[in-house]
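Structure first, commentary second.
FYI, it's all coordinate maths here, none of it is from the lab. This structure is a prediction, so every number in the text was calculated from the model and none was measured. All Cβ positions, even for glycine, are placed from backbone atoms using ideal geometry, and neighbour counts span all protein chains on display.
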Amino acid sequence: MRCICCRSPVEEEKVCCPRCGFPLLGGDRENRQKIAGDYRKKLLGGTFLSVRQYYYGYDGNGDLQELKSEYVRAACAGELPPEGILWLDCAFAPLASGRDVELDIQIQNGSRSHSARLLVAAGKLDRMTRLGIYSDEGLRIRFAVGNGTEAVLSDSVPLLINQN
Ligand SMILES: [Zn+2]
């Protein structure tokens, strides 16, 4: 069986999910799902996901150069759906076609943060215009690059900073 909160596999005799700590309740499924949703929101409500954005401009010689880069907040982990992709509605520039995409991401909770460089093998997609976050099992996420019909996912990273 799987935890209704984070979808990790759980042995039947356990009282709580070892991954997210959600109690393995009885009762009707709809009610359990609602409780699990509230639990996730509370557990992940202080965790934020950011993606590094690069800004380019022309120097005095007319050459294009990187001016600065900074992490731009993409989503609060507590607002992610329990499964599937949340497509981001934000001002990420369309990504160049025919190339794999490298994303520098950061997961932050209070003063603690974890950053990672994720490769998305999106080179075979026709047009990549959208960036999303896929809710993986066990309170993990993957970043998604898509073109409206197809999506390619990155490796998975944990949402909870002290977990592997
Ligand atoms: Zn769980």
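Let me make sure I get this right: for the range 1-44, a, b and c are the square roots of the gyration tensor eigenvalues over alpha carbons, sorted descending. Under 1.5 in a/c it's rounded, otherwise prolate if a/b > b/c, else oblate. Which is it?
In terms of gyration-tensor shape, oblate.
Can you tally the net charge around Tyr56? Count Lys and Arg as +1, Asp and Glu as -1, for every other residue whose Cβ sits under 10 Å from the Cβ of Tyr56.
Here the count lands on 0.
Express the relative contact order of the chain as a whole percentage, based on alpha carbon pairs under 8 Å and six or more residues apart in sequence.
Here the relative contact order equals 18 percent.
Nearest 0.05, what FRET efficiency do Arg117 and Glu83 give at R0 = 30 Å with Cβ-Cβ as r?
So the FRET efficiency works out to roughly 0.75.
Given H placed on each backbone N at 1.01 Å, which residues far from Ala74 in sequence or on other chains put an amide H within less than 5 Å of it?
Placed amide hydrogens put Leu49, Ser50, Val51 under 5 Å from Ala74.
May I ask for the net charge around Phe22, where only other residues with Cβ less than 10 Å from the Cβ of Phe22 are counted and Lys, Arg are +1 while Asp, Glu are -1?
Around Phe22, the surrounding residues sum to +3.
Select from Ala151, Ala116, Ala36 the residue whose mean-square fluctuation is largest in a Gaussian network model of the chain (Cα-Cα springs shorter than 10 Å).
Ala116
Using alpha carbons only, how many degrees (0 to 90, rounded to 10) separate the axis of helix 29-44 from the longest principal axis of the chain?
Tilt of helix 29-44: around 50 degrees.
For the range 47-158, rounded, prolate or oblate, judged on the Cα gyration tensor with a ≥ b ≥ c (square roots of eigenvalues), a/c < 1.5 rounded, else prolate if a/b > b/c?
Since a/c reaches 1.5 but b/c is at least a/b, the shape of the range 47-158 is classed as oblate.
Straight-line reach from Lys41: which aspartates and glutamates have a Cα under 18 Å away, not including same-chain ones fewer than 8 places off?
Glu30, Glu79, Glu83, Asp136, Glu137
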